[in-house]
Amino acid sequence: MNLDHVTTLEQLRAEVEAFEGCALKRFATQVVFSDGSPDARVVVIGEAPGAQEDVVGKPFVGRSGKLLDKLLAGIGLDRSREGKDGVYITNTVFWRPEDNRTPTPAEIASCRPFLFKHLELLRPEMIVLVGGTAVKSVLQTKEPMSALRRRWLAFDVPGVGAVPLLATFHPAYLLRNPPAMGEAQGDWAMVKAKLGEPRKKGA
Ligand code: URA
């Protein structure tokens, strides 16, 4: 897929809406593209829209979303804030999988060019992957979350260069495993610390 002609998020959304190459589209109500500030320093990538997201048209508006908002608030971030101090949220796929199943590798692969174009247009200072599906989509690795958490990785965004990337637990996992909350908060504290670091020249 060639998205070279796409230079704005509005164009990208239009491309996603017109796309017929992802099997999920047949079942879903609408595209769930993103939420938050396009100028944000931090971009969060989740797995896939769920039932409530499918109705509302925005990512992370259900129970997982409430917990994500809580984790973000814990480090002073708020998706409703405009500008660079907000946060931008999207997913590996843009349609809800039926019965909230995990998207298949083929579904993830069909949406990946749109996700990467997103990153190219947003030029974020850091990327946070929440959950194993986001890890598989973006890093294209089979390494488990346990091997990737707690350290900054560098992800080469096409046309942008190396962007610091952190992998952490999906909020749905935390809802099922509340004792892991402390570890998740530790991961998000790494994001806060990085946001506090002096900016690199020209950044
Ligand atoms: N879980 C996700 O990964 N994304 C959403 O948008 C909602 C729940």
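Key figures
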item: Some residue of region 144-153 being in contact with a helix residue (DSSP H, G or I) (Cβ under 6 Å, 6 or more places away or on another chain) and within 16 Å of the ligand (Cβ to nearest atom); result: yes
item: Candidates Thr141, Thr92, Thr133, Thr102 - the one that is of a type in the set (Ser, Thr, Tyr) and away from the ligand (no atom under 16 Å from the Cβ); result: Thr141
item: Some residue of region 17-36 being without any contact (Cβ under 8 Å) to a residue 60 or more places away in the chain and buried (at least 17 other Cβ atoms within 10 Å of the Cβ); result: yes
item: Set Pro59, Pro38: member being more than 13 Å from the ligand (Cβ to nearest atom) and touching a helix residue (DSSP H, G or I) at 6+ places or on another chain (Cβ under 8 Å); result: Pro38
item: Odd one out for Glu20, checked against (1) more than 10 Å from the ligand (Cβ to nearest atom); (2) assigned to a strand (DSSP E or B); result: (2)
item: Yes/no for Glu53 being near the ligand (Cβ under 9 Å from one of its atoms) and in contact (Cβ under 8 Å) with a residue 40 or more places away in the chain; result: yes
item: Filter pass, Pro171 being within 16 Å of the ligand (Cβ to nearest atom), surrounded by 19 or more Cβ atoms within 10 Å (Cβ to Cβ), at pLDDT 95 or above and under 15 Å from Val44 (Cα atoms); result: yes
item: Of all residues in region 113-152 being of a type in the set (Phe, Trp, Tyr) and more than 18 Å from Glu183 (Cα to Cα), the one that is surrounded by the fewest Cβ atoms within 10 Å (Cβ to Cβ); result: Phe116
item: Checklist (1) surrounded by 20 or more Cβ atoms within 10 Å (Cβ to Cβ); (2) more than 13 Å from the ligand (Cβ to nearest atom); (3) assigned to a helix (DSSP H, G or I); (4) not polar (S, T, N, Q) applied to Gly86, failing item; result: (3)
item: Verdict on Ser110 being in contact with an Asp or Glu (Cβ under 8 Å, 6 or more places away or on another chain), among the polar types (S, T, N, Q) and surrounded by 15 or more Cβ atoms within 10 Å (Cβ to Cβ); result: no
item: Residue in region 6-15 that is near the ligand (Cβ under 9 Å from one of its atoms) and surrounded by 15 or more Cβ atoms within 10 Å (Cβ to Cβ) present; result: no
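The values are calculated or read from the model by the stated rules, or taken from the named source; none is laboratory data. Quantities reported herein were computed from a predicted structural model and do not represent experimental measurements. Quick reminder, even Gly has a Cβ in these numbers, built from the backbone with ideal geometry, and neighbours come from all protein chains shown.
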